[in-house]
1. In the range C:137-158, which residues are away from chain B (no Cβ under 13 Å) and touching a helix residue (DSSP H, G or I) at 6+ places or on another chain (Cβ under 6 Å)?
2. With the structure loaded, tell me whether residue A:145 is touching a strand residue (DSSP E or B) at 6+ places or on another chain (Cβ under 7 Å), more than 10 Å from chain C (Cβ to nearest Cβ) and under 21 Å from residue C:239 (Cα atoms) or whether it fails that test.
3. For the range C:368-425, please list each of the helices (runs of 4 or more DSSP H) lying entirely inside it that holds at least 3 residues being within 24 Å of residue A:147 (Cα to Cα).
4. Which residue, of A:62, A:136, is closer than 28 Å to residue A:216 by Cα and away from chain C (no Cβ under 11 Å)?
5. Of the conditions (1) in contact with a Ser or Thr (Cβ under 9 Å, 6 or more places away or on another chain); (2) farther than 20 Å from residue C:152 by Cα; (3) among the hydroxyl-bearing types (Ser, Thr, Tyr), residue C:78 satisfies every one except a single condition; which number is it?
6. Exactly one of these conditions fails for residue B:33: (1) at pLDDT 85 or above; (2) surrounded by 20 or more Cβ atoms within 10 Å (Cβ to Cβ); (3) in contact with a strand residue (DSSP E or B) (Cβ under 8 Å, 6 or more places away or on another chain). Give me its number.
7. Out of the residues in the range A:170-195 meeting the condition of being outside any strand (DSSP E or B) and touching a helix residue (DSSP H, G or I) at 6+ places or on another chain (Cβ under 6 Å), tell me which one is farthest from residue B:112 (Cα to Cα).
8. Considering C:273, C:254, which residue is within 14 Å of another protein chain (Cβ to nearest Cβ), hydroxyl-bearing (Ser, Thr, Tyr) and surrounded by 19 or more Cβ atoms within 10 Å (Cβ to Cβ)?
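The values are calculated or read from the model by the stated rules, or taken from the named source; none is laboratory data. The structure presented is a predicted model; accordingly, all values stated were derived computationally and were not measured. Glycine gets a Cβ as well: all are built from the backbone with ideal geometry, and neighbour counts include every protein chain shown.
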Amino acid sequence: MSENTDANGENNAVPAPRDTGGEVIRVRKGMFGANNGGDTSGYGGLIRTVTLPGAASRPYGGWFDEVADELEGALEEQDLLPENAIEKTVVDRGELTFHIAREHLVQVARTLRDDPALRFELCTGVSGVHFLGDKGRELHAVYHLRSLTHGRIIRLEVSAPDSDPHIPSLVAVYPTNDWHEREAYDFFGLVFDGHPALTRIMMPDDWQGFPQRKDYPLGGIAVEYKGAQIPAPDQRRSYS
Amino acid sequence: MGLEEKLPSGFVLTTVEQAAGWVRKSSVFPATFGLACCAIEMMTTGAGRYDLARFGMEVFRGSPRQADLMIVAGRVSQKMAPVLRQVYDQMPNPKWVISMGVCASSGGMFNNYAIVQGVDHIVPVDIYLPGCPPRPEMLMDAILKLHQKIQGTKLGVNAEEAAREAEEAALKALPLIEMKGLLR
Amino acid sequence: MYTVTGGDWDEVVESAVKSDDERIIVNMGPQHPSTHGVLRLILEIDGETVTEARCGIGYLHTGIEKNLEFRSWTQGTTFVTRMDYLTPFFNETAYCLGVEKLLGIEDQIPDRATVIRVLLMELNRLSSHLVCIATGGMELGATTIMIYGFRDRELVLDLFELITGLRMNHAFVRPGGLAQDLPPGSVDQLREFVKTMKKNLPEYDKLATGNPIFKARMQDVGYLDLAGCMALGATGPVLRSAGLPHDLRKTDPYCGYETYDFDVPTADTCDSYGRFLIRLEEMRQSLRIVEQCIERLEPGPVMVADKKIAWPAQLALGPDGLGNSLDHIRNIMGTSMEALIHHFKLVTEGFRVPPGQTYTAVESPKGELGVHVVSDGGTRPYRVHFRDPSFTNLQAMAAMCEGGQVADVIVAVASIDPVMGGVDR
């Protein structure tokens, strides 16, 4: 069965995903996620790529254009080409996301906070996401910035490869990110350069590994009943 | 602990056992070991409607050195486990442990890297109390069952005999995985 | 050589500080009766003054976010409800709003479900604030207020039990709506409850608000001004006690909050006492919203019409409490094989959610509770991250406590109202 799968993968028989240009985060094979020959559904050779929503084109709609214009203008004033800093802009499900190149993150965040027309005063912390299939951009750090002045919320997304998990720290701009960045470090191994004290926060100090990465097992144990044993949730057959 | 442990087996010892058990069960001092959701229900048990004071144990001790019952109320994380053991070690004998809620008893629904799969890995447990979280009535039931157990506690040579019997029974007992039949 | 510029004085002060054996480091917690759960405070104390304060957290880390990745979207509510165990309905609603946004079915949620969500959330706000005031009082040594708080909380929990079947950890709000409709007789009980609470709430005023000891312990303690709140990202009563009327129910409404009539109380004292007053007032406002919800309850469905999403949660009261509805089982087992297959697939496999990510936030009693949900198009969440207000607000502990007295640390922490289940998740 595995030979068929490989052959199918090479001859590009895969139908094109609905929205092209998005990040491919995963290639799904077979029907039920069974990868040891247990897929008897007849769809064992099925291959589908999973992509996140791709870059949007102007106009974005609503106040999104205004924020994007202001941000680009403010960055140009600081002699930073917007296309260097902003990798792409995604509008999906009524939310605006700027993908920022990591070396420019601090400058962009400071601009977003200080520019009177933007004024995103409140950062609601950082959430790490680990996309194992997104080669070269495995680790994502997602920031949500809220503007109390204008009543808006946007998202910044920064990525780093697994081999070099460094992202500049935003603590100097948003002190509230202190614990949030420690948490993202603790769970994902994202190293926030410039953080005043990047140590583990949730797990014990001597813990090995970063438990919420996708390649870290759930760590559950099999549960015994009378005459039966139920494997841990991550060891069971799954549907995705 | 004292003289009562040195008494020879017989009529005097059983009388002392009954007296000591009665005294001990009538005034159990629980140590607060509230961890998560169950801790809120434990506090509710101590508050007005359920009124744990009726059983002579409304005073939750802040210090383990003044307590003889530890109610482990909630999920025990790997980081908390050494702390829990230290608190248990600080309690003077005789001491008892109620494992309140499924998380403390078996890890419950949190079968993962962070949670100790049952507090009996760390301390000996006298009463397992299921529920997520158990109702205050269930906690009181567990406490009353513990009172019965305390009442029946053996002393001196009788205690040694009881411990030996318990060990033999445990050695003979069938492991769970080898048991057959209905889930009873 | 002594100079007027005072270089040597610095040395004198330094040596005095060094020889000061009053300076000790106290480790408070993680098992301490007044630290609000398993919070560890590391205090450097000079006499009675706290010179430095740090938090140690993670003693209740449960790995809920990781566990969610191995369960279906609907099963997720069972986990998130146990995060901040004092505000289960807020966790569930925030999570479900996120999933619904990813599914693109926000507009299809029935009105009745939304009204009941608001109703439950506001009742939950009451119970959470009552526990905050009760335990805060107990940590000050005032056990009477603790008895009062838990007395009234029991009334709220009775309602929860009537409606959801559980006192805590309900998993009642589901993606697409609710697990069940309100049981018969609940509206009458809700009305009765509002009447009772209107009688009971002024008792807190009488007992605590004007109480000189209470005021002496609370006023000017745990001071954090607006600049500090903004820098540290504090939200909820902590931010509103600094005078900014920021409440997501008003500024970024969800669940139709813009159509309800209520006020956002603020204070300008920036201290624990102000936060206490705000919580009292918020409970009154919550009662107002509950009353409006009762008036708005129209008969109708409580789950989306889309049978591909609506979890078949038909339950009926059996001899052992709740159980599956016999009528439903008879239907799927006896009359329609397709219905049985559908039920089986939906319950074991669950529905698929299109790839993407979303951030939804609700105003929990502690502040902004945000949920970042990422889907990879599967039947399970790819990543769920909770931005818990307790976690963020607790960072302000050092700013509030340093330079104050040891006894005031307890008051300051209690006024933040951190729940460690939410902090550590």
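1. Across the range C:137-158, the qualifying residue is only C:140.
2. In short, yes.
3. C:389-394
4. A:136
5. (1)
6. Of the numbered conditions (1) at pLDDT 85 or above; (2) surrounded by 20 or more Cβ atoms within 10 Å (Cβ to Cβ); (3) in contact with a strand residue (DSSP E or B) (Cβ under 8 Å, 6 or more places away or on another chain), the odd one out for residue B:33 is (1).
7. Among them, the one singled out is A:173.
8. Exactly one of C:273, C:254 is within 14 Å of another protein chain (Cβ to nearest Cβ), hydroxyl-bearing (Ser, Thr, Tyr) and surrounded by 19 or more Cβ atoms within 10 Å (Cβ to Cβ), namely C:254.
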